[in-house]
Amino acid sequence: MSITYLADNNAWLIETTSTAYVFGVSENNSLFHYYWGSRLPHASDYPGLGPLKNQHIYDKGGIAALEYAGWGGLNFTEPALKVTFADNVRDLVLVYQDYKIVNGKDFTGLEVTVKDTYFPLQVKLSYRVFADTDIIERWATVINQGDTPVRIEQAMAGTLFLPSPGEGNYRLTHLAGRWGAEFLLNQMPITDGKKTLESRRGHTSNQATPWFALDYVQPSGSGADEDQGQVWFGALGWSGNWVISVEQTTYPVVKSVQISAGINPFDFGWHLKPLQSFKTPVLSFGYTNQGFGEVSRLLHRYQNRHILPAKFLDTPRPVLYNSWEPIRFDVREESQIKLAERAARMGVELFVVDDGWFGARDNDRAGLGDWTVSPSKLPEGLGPLINYVHSLGMQFGLWVEPEMINPDSDLYREHPDWVYHFPNRARTESRNQLVLNLSRLDVQEYLFNVLDSLLENNDIAYIKWDYNRSVSEPGWPEAAPEEQREVWVRSTLGFYTLLDRLREAHPGVSWESCSSGGGRVDLGVLRRTDQVWTSDNTDPYDRLFIQEGYTLGYTPRAMYSWVVDSPHWLGKRETSLAYRFHSSMMGGLGIGGHILNWPEEEIATAREMVGQYKQIRHLVQDGLLYRLLSPRHGSYTAVSYVREDRQEAVLFVLTLGRRLGLAVPRIRLKGLEPATLYRVGGLGTSQITLSGAALMEHGLSFEHLAYDFASTMVQIKASAMS
Ligand code: DGJ
């Protein structure tokens, strides 16, 4: 990996192990994008640096392909930055000023500064590359060096340009859905015009996640698949209102595709005072010519090494128990103790108490905001329960939803002004709750103190941080008129600051991001939480689709899933305990059923399966993921995880609704060493030994799984391993 300034070209060449990204200073002193794709043998191979021109550059006016475009002049596509100056000038012309290459502990960085041609407004464009991943990070910092304020109306982390597809086309893949069906894979051809992916809900949202991939579709119509094809992809680290727009124009004759990602300009405004700066979220992006499988593996590795908090990366994520589904708000010491005893017998490592332990929280109509233990449910506080959980050999975890408040709470009666609201307007409730305005420093301080003392006074190893509604009426009457629209960003920063302070004060605690299921999953929250809840839909079959989409963009290390009761409470589907386990074992494993009602033989099965999971979880959490058969394509789904040194793998095969008479597929493995001999166990027969080549070329057949909702887990180990 390297970042080089090429003086002859007045350009920067950013190279990772397999990819390159190039931009430079044009004749009129603007920054032009030149190239993003495979790493090429010579600097002069790159468009803009040798004989090849960049097709995006149409004329000397700098139309299109501006590395970071201010809105102004003849620029009609999505600008990276739009501002209004104090004298009402709304034209921003950014020209090159200087650059700096920075060497960090495990990264190399580049900072290129541009400034307006007239006003003392600077923008610092930052880029970062790491030795062990092909992912590049970029963001922008807007600095007001003048003595009058500047109003920011749109601020992107950056704009990315794809090579012109010529006779071919691009296809967009994105992850979208709703409560109970998050992260579903959507694909659509890119045509002239603009497609916007976004959240206007104040949190990342259950509807869409800030991730995209664009693959090249050849003139014959074939695009990338799991193993081959060019894919350009990226993810934005922002847990508030975000936007990713993909725009194709044909000006003047070549198709040009650009992607902008950053803070959603909808209802946004930032009053940038003199000498202040504004930093955009980080956009992490990459390229591969090895299809969508490689996209995921690159992103997983990057997240496991550079995004997730370092503290717990060397330890496996624990098997947890959570009683939310069976018990709901009825969290009583007596029943929790019984559940804990059973959970411990199954091999659970972390016992979690969910919603209902505090205030007057007997249902979702009251108590949110009052973070003191309910005396009727836990008469002597959390202490005795925590001690008991510890005596059973488990850690203790607790649920909170700090940003929310029920109007029926002591906190709201005391501070009705702490929620978002507009004067003389209704405060719309959702799940009977309102949202605290974390833009307010007093609210942040209050929450820090409450949570800090909760963690100070109780031996808590994990916090599940929930967020169960979207923002409405985003008013902050006390703020200055020109700062009213800053709430969207300020509250997201407030959430980050609060979490960062708590992490620092309590470094032994691990954190989960949850938001009515998967409503707050993005690279911003993943920088400060160790795991996420992907969906409230815990049906093991539905989950396969959710997990398929989730793992396209995000690491299985952080993806938790629970084994719950059958028939499932949502869709009434009946599945075996083994099927439920296999579906949940493909990420972080939890158990969330009414285990007091499980018969002894199920407890024994659960214990055995938890034991099996502990043997393979290092592969699932840190290995290379291969989606072998998609649940979208037939009656079987198969996913494998291979250790980076290829010495060990695990394969999950699950059937869906089988149709009688259809052939049982032969599942060909991927990512193994062809010449290595592997011992293969768990096929319903005794262990066999086969070469990697046989497993990958010929594959394995699963005749014994020829019925609905059958499943198996196969362990594959190089025979040289003990
Ligand atoms: C929504 C979460 O997704 C659930 O797991 C549970 O914690 C409830 N909130 C509690 O209110």
Practice prompt. Answer yes or no: is there a residue in region 395-407 that is closer than 20 Å to residue 324 by Cα, among the aromatic types (Phe, Trp, Tyr) and touching a strand residue (DSSP E or B) at 6+ places or on another chain (Cβ under 7 Å).
Written response: yes
Practice prompt. Say whether the condition of being at pLDDT 95 or above, in a helix (DSSP H, G or I), touching a strand residue (DSSP E or B) at 6+ places or on another chain (Cβ under 9 Å) and within 16 Å of the ligand (Cβ to nearest atom) is met by at least one residue in region 292-312.
Written response: no
Item to complete: Keeping to region 313-364, report how many residues are surrounded by fewer than 18 Cβ atoms within 10 Å (Cβ to Cβ) and within 30 Å of residue 284 (Cβ to Cβ).
Response: 4
Worksheet, complete the sentence: Wholly inside region 156-266, strands (runs of 3 or more DSSP E) that include 3 or more residues that are in the same structural domain as residue 71 (by TED's automatic domain parsing) and within 27 Å of residue 127 (Cα to Cα) are 169-178, 193-198, 208-217, 231-237, 242-249, 256-263
Worksheet item: How many residues are within 28 Å of the chain's Cα centre (by Cα), aromatic (Phe, Trp, Tyr) and surrounded by 18 or more Cβ atoms within 10 Å (Cβ to Cβ) if we restrict to region 559-607?
Response: 4
Discussion item. When the residues of region 548-562 are narrowed to those that are within 16 Å of the ligand (Cβ to nearest atom) and either assigned to a helix (DSSP H, G or I) or not hydroxyl-bearing (Ser, Thr, Tyr) (or both), which ends up nearest to residue 184 (Cα to Cα)?
Written reply: 550
Discussion item. Condition first: in contact (Cβ under 8 Å) with a residue 40 or more places away in the chain, buried (at least 22 other Cβ atoms within 10 Å of the Cβ) and over 19 Å from residue 101 (Cβ atoms). Now tell me which residues in region 1-32 satisfy that.
Written reply: 30
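Residue by residue, here is whether (1) under 22 Å from the mean Cα position of the chain (by Cα); (2) buried (at least 21 other Cβ atoms within 10 Å of the Cβ) holds:
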| position | (1), (2) |
| --- | --- |
| 429 | no, no |
| 446 | no, no |
| 472 | no, no |
| 475 | no, no |
| 497 | yes, no |
| 508 | no, no |
| 513 | yes, yes |
| 517 | yes, yes |
Worksheet item: Can residue 256 be described as under 20 Å from residue 523 (Cβ atoms) and either out of contact with any His (no Cβ under 8 Å at 6 or more places or on another chain) or surrounded by 19 or more Cβ atoms within 10 Å (Cβ to Cβ) (or both)?
Response: no
Item to complete: Kindly provide the set of residues from region 619-657 that are of a type in the set (A, V, I, L, M) and part of a helix (DSSP H, G or I), ordered by number.
Response: 619, 620
Discussion item. All but one of (1) more than 28 Å from residue 193 (Cβ to Cβ); (2) among the charged types (D, E, K, R); (3) modelled with pLDDT under 95 hold for residue 98; state the number of the condition that does not hold.
Written reply: (3)
Worksheet item: Residues of region 345-368 being in contact with a Pro (Cβ under 6 Å, 6 or more places away or on another chain) and of a type in the set (Asp, Glu), which ones?
Response: 349
Practice prompt. Scan (1) free of Cβ contacts under 8 Å to residues at least 40 places away in the same chain; (2) over 30 Å from residue 352 (Cα atoms); (3) of a type in the set (Gly, Ala, Ser) for the single condition residue 310 breaks and write down its number.
Written response: (2)
Discussion item. So for region 617-635 (the condition being surrounded by 18 or more Cβ atoms within 10 Å (Cβ to Cβ), in contact (Cβ under 8 Å) with a residue 40 or more places away in the chain and among the hydroxyl-bearing types (Ser, Thr, Tyr)), does at least one residue qualify?
Written reply: yes
Practice prompt. Among the residues of region 658-683, write down those that are in contact with a Phe, Trp or Tyr (Cβ under 8 Å, 6 or more places away or on another chain) and not in a strand (DSSP E or B).
Written response: 658, 664, 665, 669, 670, 671, 672, 683
Discussion item. Return the residues of region 178-214 that are charged (D, E, K, R) and either at pLDDT 95 or above or on the phi > 0 side of the Ramachandran plot (or both); say none if nothing qualifies.
Written reply: 178, 182, 194, 195, 198, 200, 201
Discussion item. Which condition from (1) in contact with a Lys or Arg (Cβ under 7 Å, 6 or more places away or on another chain); (2) free of Cβ contacts under 8 Å to residues at least 60 places away in the same chain; (3) within 30 Å of residue 151 (Cβ to Cβ) is the one that residue 430 breaks?
Written reply: (3)
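Listed here are the residues, each with its yes/no results for (1) charged (D, E, K, R); (2) at pLDDT 95 or above.
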residue: 225; (1), (2): yes, yes
residue: 234; (1), (2): no, yes
residue: 242; (1), (2): no, yes
residue: 253; (1), (2): no, no
residue: 262; (1), (2): no, yes
residue: 266; (1), (2): no, yes
Worksheet item: Is it the case that residue 486 is surrounded by fewer than 20 Cβ atoms within 10 Å (Cβ to Cβ), on the phi < 0 side of the Ramachandran plot and of a type outside the set (Lys, Arg)?
Response: no
Worksheet item: Mind checking whether some residue in region 172-185 is within 30 Å of residue 94 (Cβ to Cβ) and among the β-branched types (Val, Ile, Thr)?
Response: no
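The values are calculated or read from the model by the stated rules, or taken from the named source; none is laboratory data. This is a predicted model, so every value here is computed, not measured. Reconstructed Cβ throughout: ideal geometry from the backbone, glycine too, with neighbour counts over all protein chains shown.
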